[in-house]
Structure formats: structure tokens, C-alpha cells
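The values are calculated or read from the model by the stated rules, or taken from the named source; none is laboratory data. All values derive from a computational prediction rather than experimental measurement. Note that each Cβ is placed from the backbone with ideal geometry, even for glycine, and that neighbours are counted across all protein chains shown.
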Amino acid sequence: MRWQKGRRSSNVEDRRGESSAGSPGGLGNLLALAPLLLRSKTGWVILAVLALLYFFGGNQLFTGAPPGQDSGQGQSGAPGGTDTVADFVSVVLADTEDTWGQLFQAAGSRYAPPKLVLYDDMIRSACGTSSSAVGPFYCPGDGKVYLDLDFLGALRRMGAPGDFAFAYVIAHEVGHHVQNLLGTSQKVQQLRMRADNATANRLSVMLELQADCFAGVWAFYAHRDRQMLEPGDIEEGLAAAAAVGDDVIQRRSGRAVTPDAFTHGSAKQRMYWFKRGFTSGDVNQCNTFAAMSGQ
């Protein structure tokens, strides 16, 4: 991607290095772990050891900061490494702001961009406390995208390397924010609450595939209007979409492929809807609910 000259977003919250539970110091981090550890005898022992380490001066283990460094401040300004990725994230977020701002304005509305929170290990949001193991996510309760930069390494291990693969992930989560603004997320949630498990999962798939399509729409404008994409970028995005398909994940974990248990869509579906958004550049082509209702 040609991203280095792009605008940086002012909507990035760098909360890396903070207490994982969002409270001052490492104590909040320890308290966040407690409910999980108290479920077993081994957990009780681990919790006791961690508590001793914290209260007798080992709290650097919980903050993730070396002695002498203010753990309450995000890691910013460091050249290279992770912060180059953070800079990239800021540019991609800014570009989604430009795209969706124009599309909302054309529709006679105003786009309110999301905040994007960078974190590591664990984070507290309006949707609860989450660990980095859940991967990137959007929380409709506070209108924020949450992203652990280590997920870039996870994408590579899943066979989806490249900067545009990561850009696709960011654009997908921003797509969920667009759904929240349009009221789609709320309607789907209401329907899911009244549905059986198979139907609820199917509605979730439709929502996720629409976010994939919205990511493709963003890519269309990033390419047409700002020439950000390079040869091979769309293939990277498609590889990322395939890597996070429910069928691929089920096979990778050694389970049988069970379509009724899908919540995000198959690799084929995710690639199709991302490509549909990219080739059309038309939000109206992203109505997964109408397209899949008869399937």
C-alpha cells in the first residue's frame, strides 16, 4: 500500500502499556484476572503468587512497563517496529473517515467516526473486559474499535501477510461502526434475541459479511480517489478474508465444518462480499440480508 503520505487520524487512543483492566496501576490488572483464576485450585495458587509479587514490589509484571517508565502513557513516538504499524493504522483509519464521510454526506447525513483504541493484553470497554485473544473487535456500546497490534503477527501465521491484509481487518471493524450508525446492528441484535440458535447465527453471518462488503467499498475509494492500493493488495485482502472464514477456523482447530455454527461466514462468502464491495464501490450492493434471506 502507498500509505506513508496519507493523512493521520486524530481518533486513535494509544492505551498500550496501561493497566489491562483500565484502572490505575497493576492492581486493576490483577483484579481482572481473579474471576478466571478462582475457578480452580491451581488458579487459587497462581493468584496467591501473583498477589505476593504485586504487593511486594513486582508490579512491573502487571503494567508491562520497565522500571522508571510511566506505565500510564501509551507508547508513542518510537521509530520503527510496532509504532510504524501504529502509524499505518492511523493512516488507514483516516482514510476510512474520508471515505465514509463523503458517502454519508452524499446521502444527506453526517458521519461520526469511531475512536480506535490500541491496546495490549487486556482492555476494558463498554462491552466488558476482553483479552487480546479475541482479536480486533468493535464495541457498539462506546462506538470504538479495539485493536491489539500483535494481531498482525497472527494474520501472518494464518497465511495472510501484507499491509493490506491488516487494512482489511481495520476497515471491516469500521464497517461495524457504520452498521451501528445506520441502526442495522441494533435491528439484528433484536432479531437474534428472539431467534433460535441456528437463525441467530445466520443473522450474525449476514452482519459480518456486510461489514466485509463495506471494507471492500472503502478499498474501492482508497484505490480510485487516492491511489493507495498497489498490485497484489486486493489479493492480500482476499487472503485475509479467507483466513478468518468460519470453515477455515473450524478445520484449523481440528473440528468438523458445521455451517449452522458459523457466525462470520465461510472463506468463500467472506471473499465474495469483500470483492463485491470493491468492484462496485456501492453501499447498496452490500445488502447481505436481502441477498441471503432465501438461501
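Checking the structure you have, find out if any residue of the stretch 167-180 is touching a residue at least 60 places away in the same chain (Cβ under 8 Å), assigned to a helix (DSSP H, G or I) and not aliphatic (A, V, I, L, M).
yes
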*Can you pull out the helices (runs of 4 or more DSSP H) entirely within the stretch 234-295 that have at least 2 residues that are small (Gly, Ala, Ser)?*
267-280, 288-292
*In the stretch 241-276, how many are among the small types (Gly, Ala, Ser), within 19 Å of Arg157 (Cα to Cα) and in contact with a Phe, Trp or Tyr (Cβ under 8 Å, 6 or more places away or on another chain)?*
1
_Residue within the stretch 190-205 that is assigned to a helix (DSSP H, G or I) and crowded, with 23+ Cβ neighbours inside 10 Å present_ = no
*Scan the stretch 105-154 for residues that are of a type in the set (Lys, Arg) and either under 15 Å from Ser90 (Cα atoms) or touching a residue at least 12 places away in the same chain (Cβ under 8 Å) (or both) and jot them down.*
Lys115, Arg124, Lys144
*Inside the stretch 211-228, can you point out the residues that are part of a helix (DSSP H, G or I) and among the hydrophobic types (A, V, I, L, M, F, W, C)?*
Ala211, Cys213, Phe214, Ala215, Val217, Trp218, Ala219, Phe220, Ala222
*Going through the stretch 181-202 one residue at a time, which ones are free of Cβ contacts under 8 Å to residues at least 60 places away in the same chain, aliphatic (A, V, I, L, M) and under 30 Å from Asp233 (Cα atoms)?*
Leu182
*Residues being surrounded by fewer than 20 Cβ atoms within 10 Å (Cβ to Cβ), of a type in the set (S, T, N, Q) and modelled with pLDDT of 95 or more - total across the stretch 96-128*: 3
*Kindly indicate the residue of the stretch 129-149 that is hydroxyl-bearing (Ser, Thr, Tyr) and surrounded by 21 or more Cβ atoms within 10 Å (Cβ to Cβ) and also nearest to Arg16 (Cα to Cα) among those meeting that condition.*
Tyr146
*So which residues in the stretch 204-253 are without any contact (Cβ under 8 Å) to a residue 40 or more places away in the chain and of a type in the set (Gly, Ala, Ser), if there are any at all?*
Ala211, Gly245, Ser253
*From the list Val174, Val169, Val217, pick out the single residue that is at pLDDT 95 or above, over 16 Å from the mean Cα position of the chain (by Cα) and surrounded by 20 or more Cβ atoms within 10 Å (Cβ to Cβ).*
Val217
*State whether one or more residues within the stretch 63-71 are β-branched (Val, Ile, Thr) and modelled with pLDDT under 95.*
yes
*Quick one: count up the residues across the stretch 122-152 that are under 13 Å from Glu173 (Cβ atoms) and acidic (Asp, Glu).*
1
